[in-house]
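Working notes, structure below.
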Amino acid sequence: MDTAPLVDTRIEDGRKLISQLVCDGFDVTIAFWVRFKYEEDGPWFYIVSKTVDTEGLRGAFLAVRKSLDRISAPCRPWNSVTEAVELKIVGLNDHFAKDVVAFRDSSPGRYRFREVSIGNQIVKETVIYPPVTKCAAGAEPCGKRSINLGTAAEPEFIDLEKVPLVMIVRDSAGPSKVVIVGGGKPQRALEGEEAQRFVAQFDAIRKQME
């Protein structure tokens with residue numbers, strides 16, 4: 001496994017699965033990505049669920065597999081559970097999971113941390129997802145032409161089919177500005193990281209349609 005910092009695409013993949021799980025009635029008590037400071041492997045994507053305690057690990061994995069299969073191909077983060085080698089599903093009694101819950105509760109409003117101690121572990125980086133409600137999960141679009149203008153922790157989707165005009169200004173260093181016109185909202189200009197995030201998703205959608 002790589003040792004690069006967690007990137008938005010990986011965080012977004014986790015959020016997609018969490019949203020589908022919650023829509024399917026699967027308990028997600030807490031979910032997070034973590035990279036341990038002194039481990040070469042990782043990062044790991046933890047899903048902490050009561051289902052492990054009530055139905056066992058096998059039952060929980062089967063439920064996760066079904067939820068993953070329900071995500072349409074353009075949005076699916078992994079093709080199968082076996083491909084998701086980073087995934088760890090644990091119950092509420094897992095010691096590290098308990099430590100992460102306590103750590104999260106001690107830092108309300110924050111979701112991303114670097115170089116911190118959690119329990120007896122030294123963590124290089126972790127992203128702890130905010131709780132997802134059934135309503136919020138069900139409201140997420142998963143079409144071929146949806147783009148997330150926000151972040152994985154605070155998503156903001158737009159449907160390109162409802163946006164009549166998108167202007168992308170590029171230079172030799174990459175996209176410098178994106179202007180979105182229409183879609184029932186005021187004209188909006190994106191720059192910097194927002195523009196880069198938009199163009200990366202826009203180009204991926206375009207390739208899928210070729």
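Readers should treat all values here as calculations from the given coordinates under stated rules, not as data from a laboratory. No experiment lies behind these values; they were computed from the predicted model shown. Backbone-built Cβ (ideal geometry, glycine too); neighbour counts: all protein chains shown.
Some points to look at:
- The modelled label-to-label distance for the pair residue 40/residue 177, using points 7 Å beyond Cα in the direction of Cβ, is 4.8 nm.
- Label zone at residue 72, where the point sits 7 Å out along the Cα-to-Cβ direction: the stretch 13-43 residues whose backbone N lies under 16 Å: 16-17, 20
- In this structure, the amide hydrogen of residue 122, modeled 1.01 Å from its nitrogen in the peptide plane, lies closer than 5 angstrom to those of 37, counting only residues at least 5 positions away or on a different chain.
- Computed from the C-beta positions of residue 102 and residue 187 and an R0 of 35 Å, the FRET efficiency is 0.20 to the nearest 0.05.
- Legend: calculated FRET efficiency, residue 65 to residue 200, from the Cβ-Cβ distance at R0 = 35 Å, rounded to 0.05, equals 0.80.
- Computed label-point distance, nm, for sites residue 167 and residue 93 using a 7 Å Cα→Cβ extension: 6.2
- Fraction of C-alpha pairs exceeding 15 angstrom in the stretch 21-113: 64 percent, rounded to a whole number.
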